[in-house]
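Below is one structure; the comments refer to it alone.
We did not get these values from a lab; they are worked out from the coordinates using the rules stated. As the structure is a prediction and not an experimental result, all values here were calculated from the model. Heads up, the Cβs are rebuilt from the backbone with ideal geometry, glycines too, and the neighbour counts pull from every protein chain shown.
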Amino acid sequence: MPVKQMTGTEREENAGSRGEPHRKGTLYGVGVGPGDPELMTLKAVRLIRENEVIALPGEIPEKTAAYRIAVQAVPELAEKELIPILFPMTMDRAEQQKEHERGAEKLKRLLDTGRNVVFLTLGDPSIYSTFSYVQQLVEADGYPAEMVSGVPSFCAAAAALDTPLAAWTEPLHVIPAAHRLREPLDQPGTYVLMKSGSRMKEVKDLLRKTGHTAKMVQNCGMPGEKKYRSLEEIPDDAGYFSLILARRSN
């Protein structure tokens, strides 16, 4: 006779009756790509569909960029349990740490119910991602966590500009420009300057000083995407989602 498959709830109840430890849910950091919902991976789409608890980095989940991207590929996301995780826009490390700990505690309470939590993040969760902060805290307390790769913004920007990032033996340098404006930029290859928008004029001045040509994509894959193919075209008031690809002039 065929063996009856138990539901997740039945398995947990049986485990409890045998004195086995309660199963904790898994925290998934899922990259939704840079903006175009068609660039979301099949795995990202599957995890959103299979799980009911979705965390997003922001005060109002439905207004976050990650939500707006993902809901286009997975409309049923609108019916999920959406959990806001706050990340303050501050350089105060102590305040940042407090918010990270609050976010991790909220996630652990959800994981303690045995449910998985899918944390949506822009681009790839391994690259300057808010997810990495809470992941470390959650894992330190014994909860399982996994990263699920997404298309990085600089790969999508290079494709939008029909520009290779690196060829043959060329290196690729990824710099958080707004925080590293004293970098000499003196190495061969391509520089990816992320987080440039808030200090664009200073970034442009640095590139001129170091003799670089530059291209930029603003809002890559999102409504209002704009491409700039020279340093002179790039506006000083470019928005937050602005990414520069720079090379030393020949």
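Comparing Cα centroids, region 74-135 and region 143-188 end up 23 angstrom apart. Gain on full extension, evaluated as 0.36 nm per residue between K98 and Q136 minus their Cα-Cα distance, stands at 12.3 nm.
When DSSP beta bridges are restricted to pairs lying wholly in region 153-248, around 75% turn out antiparallel.
Computed about its Cα centre, the charge dipole of the chain is approximately 440 debye, with only Lys, Arg, Asp and Glu carrying charge at their Cβ.
Where only DSSP H runs of four or more residues are counted, the chain gives -9000 deg cm²/dmol as its mean residue ellipticity at 222 nm, each run worth -39500 (n - 2.57). Between helix 93-111 and the chain there is an angle of about 30 degrees, using the helix long axis and the longest principal axis of the Cα atoms.
Sorting R109, R102, R247 by the number of Cβ atoms found within 10 Å of their own Cβ, with the fewest placed first, yields R109, R102, R247.
If R0 equals 35 Å, the separation of the Cβ atoms of M89 and W168 corresponds to a calculated FRET efficiency of about 0.30. How far, in degrees from 0 to 90, does helix 8-17 lean away from the longest principal axis of the Cα atoms of the chain, to the nearest 10? That helix lies at roughly 50 degrees to the long axis.
Ranked by how many other Cβ atoms sit within 10 Å of their own Cβ, fewest first, the residues K209, K204 fall in the order K209, K204. Take every DSSP beta bridge whose two residues both sit in the chain; close to 40 percent of them are antiparallel. With a Förster radius of 25 Å, plug the Cβ-Cβ distance of E79 and T113 into 1/(1 + (r/R0)^6) and report the FRET value to the nearest 0.05. In this case the efficiency is close to 0.85.
Taking the fewest neighbouring Cβ atoms within 10 Å as the starting point, the ordered list for V45, V74, V134 is V45, V74, V134. Beta bridges per DSSP, both residues in region 24-148: antiparallel share near 5 percent. Between E59 and H22, residue separation times 0.36 nm minus the direct Cα-Cα distance comes to 10.2 nm.
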